[in-house]
Amino acid sequence: MATYVLGIDGGTESIRARVFDLKGRSLGDHAEKYATNFPAPSHAEQDPEEWWSAAGIATRGAINAAGVDPADISALACDTTSCTVVALDADGVPVRPCLLWMDVRSHGEAADILASGDPALQINGGGAGPLSPEWMLPKALWIKRNQPEVWARAAMIGEYQDFMTLRLTGRWTASLNNMTMRWHYRTQHGGWPDTLLAKVGLSDLRDKWPTEFAAPGEVICPLTASAAAHLGLPETCQVVQGGADAFIGMIGLGVTQPGDLALITGSSHLQLGVAKSETHAGGVWGTYADCVYPGRHIIEGGQTSTGSVIAWFKRNFAPDASYDDLNAAAAALPPGAEGLLAVDHFQGNRTPHTDALARGAITGLTLKHTPAHIYRALIESICLGTRAIVEAFGTALEARRIVVAGGAANAPFWLQIHADTLGLPLEVTEQLEAPCLGAAILAAVGAGAYPDIDSACAAMVRTARVIEPNMDAHAAYAPVYARYQAAYGALKQIRE
C-alpha cells in the first residue's frame, strides 16, 4: 500500500517536485529552473536535457524537504507544458532543442492544416478554427518543411510529457490527454488522424509518434534503475501517466463531474469544463473525449491577456502603488466604474471570437475618472470576458460549480467581481498548486490507494472557501455586460 506519492510539474520556467501524503497534504517541495532561448522572433526553445537534469535536483530536494524515506514513495506522475514538441534520435537523444509551447513560428503550417477541412478538425471551433501554431501538427510540419535533415534523423517526435516518460521508464509512450486535445486523436471516431496527416504531407509522422499510449492515471511501469538513481527513488516506484499541466490541474481542483468548471488564472485565463456530452461549436475548443476522465468530454476556452493587462496598468500608470492600495480604491467604486468600460483583448481574443487581431480599449472616459476607475474597469473587462466564454459553452456545460486556481485565487477583489459578473459562487481549494496535486492524485490511483480518480479527488482535494455572488451587483452588471459585448463588434468595424 502506498504511503507517499510524488507529483512532478514541468512548467515553462522550472520543474517542481512535491511530496504528498494520501490525504493530499503537501509535505515538501523543490523547484529547479531551466533556460528558455529565443533565437528569432516568434521562436522559443529549451534543451530537453536540462529538464531531466532539473528533475533529478527537484525530486531529491522535495524528498529532503519532506523528510520522508524515499522507499516509502510508491508512485509518481508528471504534468508538463503541452505542445512543447521534441525531436529525438533512436536512442532518445534530442536532435534539436524543443519547440516550446509558446513558439508560434508555424503559423503558416497551421493555416495549411486548417484549410484541409478534415473531419478531425471538428475540435477546432467545429472545424472553423482556429488551429493554433502552438499545437503538435503545425510544429511537426514546420520541422519537416524547414529542417529536413532533422526530420530524417528524428526517430521520435513527441512532447515534453513523452520525453519524461521515456527517461523515467525507457518506454516511448504517449499520454492520451495530449493526443486527444492537441494531436487530433479521436477515441470515438477512428483514433489516429490518418486522413488529416495524409492531406498535409505528414503520414510519416505516425512512424515517429509513440506506438503505445496510456490515459491519465494508468500505470506505465516502474522506474528504470538509471532513472531511480537519478531521482533518488526506489526502483519499485511506479510511473503513472499524467498529461498537460492545466488539464491535470482540473484533477487537482476536484473538477470531475459534468457542469464543473476550472477557472485557471494568471497572465492569461483558461476555462476547462466537464461537458455533458460531445459537442463542437464555433467560439470554443473541444470537446475532447476521454481527455482527462474515461467517458467524459472536456470543453476549453481561454483569454489571452488577463493578469498581464493588470500588470501592464500597474507598471505604466501606478508603479509606486501596491496592489492592496489599488484594490481598495477600486472597491470603493460601484459596478461599472461609473460609466467607464474596458475591453480586455490586448493580445487578441482566443474565445469566443477567435480573433487574433482584436485589441483592447478603454472607453467612456470623463474628467471625473481616476486611475482607480481605469483599474476597476480593466478587472471588470476580464471578468466579463470570462462570462462571455461560460455563456458560449451554453448547454454543453451549464456551469454549476466553478473552482479557481492561479493568481486570482489570492486576490479577494478579483474573486468577488468574477462571482458577481457570473452570478455564480466560486470555490478556492486548500492546495493552490493544482497541477502538482493533480499529478499526485494520479500517482495515488496508480499506486492502488484509490480505485479511480473520482474517489482520489474526494479524499485529496478540499475546499478552503466559497465566494458567493452579490446578486444586486450581478444585476448592476447586466447593462455593462451588454456594452462589453457590443464593444467587440464596434471596435472591429473601426479597424476594418
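The values are calculated or read from the model by the stated rules, or taken from the named source; none is laboratory data. Bear in mind the structure is a predicted one, so any value in this text is a computation, not a measurement. Note that we place each Cβ from the backbone using ideal geometry, even for glycine, and neighbour counts take in every protein chain shown.
Being under 23 Å from V466 (Cβ atoms) and in a loop (DSSP other than H, G, I, E, B) is the requirement here; does E391 meet it? No, not satisfied.
Residue-wise test of (1) under 18 Å from A473 (Cβ atoms); (2) without any contact (Cβ under 8 Å) to a residue 12 or more places away in the chain; (3) not aliphatic (A, V, I, L, M).
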position	(1), (2), (3)
T351	no, no, yes
L378	yes, no, no
S381	yes, no, yes
R401	no, no, yes
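For segment 1-14, filtering for residues that are assigned to a loop (DSSP other than H, G, I, E, B) and of a type outside the set (D, E) leaves 5. With the structure loaded, tell me whether D420 is over 28 Å from Y375 (Cα atoms) and either modelled with pLDDT of 95 or more or among the aromatic types (F, W, Y) (or both) or whether it fails that test. Judged against the criteria, D420 is not a match. The set of residues in segment 406-445 that are in contact with a Gly (Cβ under 6 Å, 6 or more places away or on another chain), among the small types (G, A, S) and crowded, with 24+ Cβ neighbours inside 10 Å comprises A434, G438, A439, A440.
When G190, G232 are checked against the criterion of being surrounded by fewer than 23 Cβ atoms within 10 Å (Cβ to Cβ), at pLDDT below 95 and not aromatic (F, W, Y), G190 stands alone in meeting it. Taking every residue in segment 100-116 that is within 24 Å of T12 (Cβ to Cβ) and pairing it with any residue that is surrounded by fewer than 15 Cβ atoms within 10 Å (Cβ to Cβ) and modelled with pLDDT under 95, at least 6 positions away or on another chain, the pairs with Cβ-Cβ distances below 6 Å are V104/S42; R105/S42.
Taking T211 as the residue in question, decide whether it is among the polar types (S, T, N, Q), surrounded by fewer than 16 Cβ atoms within 10 Å (Cβ to Cβ) and without any contact (Cβ under 8 Å) to a residue 60 or more places away in the chain. Spelling it out, T211 is indeed among the polar types (S, T, N, Q), surrounded by fewer than 16 Cβ atoms within 10 Å (Cβ to Cβ) and without any contact (Cβ under 8 Å) to a residue 60 or more places away in the chain. Scanning segment 1-13 for residues that are farther than 19 Å from T165 by Cβ and modelled with pLDDT of 95 or more returns a single hit, Y4.
Summed over segment 447-479, residues that are farther than 14 Å from G252 by Cα, in contact with an Asp or Glu (Cβ under 7 Å, 6 or more places away or on another chain) and either not in a helix (DSSP H, G or I) or not aromatic (F, W, Y) (or both) total 5.
Only a single criterion out of (1) over 18 Å from I494 (Cα atoms); (2) buried (at least 16 other Cβ atoms within 10 Å of the Cβ) is not satisfied by H353, namely (1). Those strands (runs of 3 or more DSSP E) of segment 217-327 in which at least 1 residues are of a type in the set (D, E, K, R), considering only elements entirely within it, cover 260-265, 297-303. Looking only at segment 394-405, residues that are in a helix (DSSP H, G or I) and surrounded by 18 or more Cβ atoms within 10 Å (Cβ to Cβ) come to 1 in all. Here the condition is being β-branched (V, I, T), in contact with a Ser or Thr (Cβ under 9 Å, 6 or more places away or on another chain) and either free of Cβ contacts under 8 Å to residues at least 24 places away in the same chain or surrounded by 18 or more Cβ atoms within 10 Å (Cβ to Cβ) (or both); of V239, V255, it holds for V239 alone. Residue by residue through segment 339-359, note down the ones that are part of a loop (DSSP other than H, G, I, E, B), under 26 Å from the mean Cα position of the chain (by Cα) and within 19 Å of A318 (Cα to Cα). The answer is D344, and nothing else. Surrounded by fewer than 18 Cβ atoms within 10 Å (Cβ to Cβ), over 20 Å from T304 (Cα atoms) and among the hydroxyl-bearing types (S, T, Y), is that true of T180? Criteria not met by T180. Of the candidates A40, A54, A17, A31, the single residue that is crowded, with 17+ Cβ neighbours inside 10 Å, outside any strand (DSSP E or B) and either at negative phi or small (G, A, S) (or both) is A54. Considered as a group, the residues in segment 272-296 that are closer than 15 Å to G385 by Cα and surrounded by 24 or more Cβ atoms within 10 Å (Cβ to Cβ) include one that is farthest from the chain's Cα centre (by Cα), and that residue is V284. Filter segment 110-138 for residues that are among the charged types (D, E, K, R) and closer than 17 Å to A244 by Cα and give the result. The one that is among the charged types (D, E, K, R) and closer than 17 Å to A244 by Cα: E134. One residue alone among T59, T84, T80 is of a type in the set (V, I, T), crowded, with 24+ Cβ neighbours inside 10 Å and within 16 Å of L141 (Cα to Cα), and that residue is T84. Screening the candidates L326, L341 for the property of being farther than 30 Å from G282 by Cα and either surrounded by 14 or more Cβ atoms within 10 Å (Cβ to Cβ) or touching a Pro at 6+ places or on another chain (Cβ under 6 Å) (or both) yields one hit, L326.
So is A65 within 21 Å of the chain's Cα centre (by Cα), without any contact (Cβ under 8 Å) to a residue 60 or more places away in the chain and crowded, with 16+ Cβ neighbours inside 10 Å or not? Considered against the rule, which asks whether it is within 21 Å of the chain's Cα centre (by Cα), without any contact (Cβ under 8 Å) to a residue 60 or more places away in the chain and crowded, with 16+ Cβ neighbours inside 10 Å, A65 comes out as no.
For the subset of segment 286-323 comprising residues that are among the basic types (K, R) and out of contact with any strand residue (DSSP E or B) (no Cβ under 6 Å at 6 or more places or on another chain), which member is nearest to L261 (Cα to Cα)? Ranking the qualifying residues of segment 286-323, first place goes to K314. Listed by position, the helices (runs of 4 or more DSSP H) enclosed by segment 127-179 that each have at least 1 residues that are farther than 18 Å from I113 by Cα and at pLDDT 95 or above are 148-153, 160-169.
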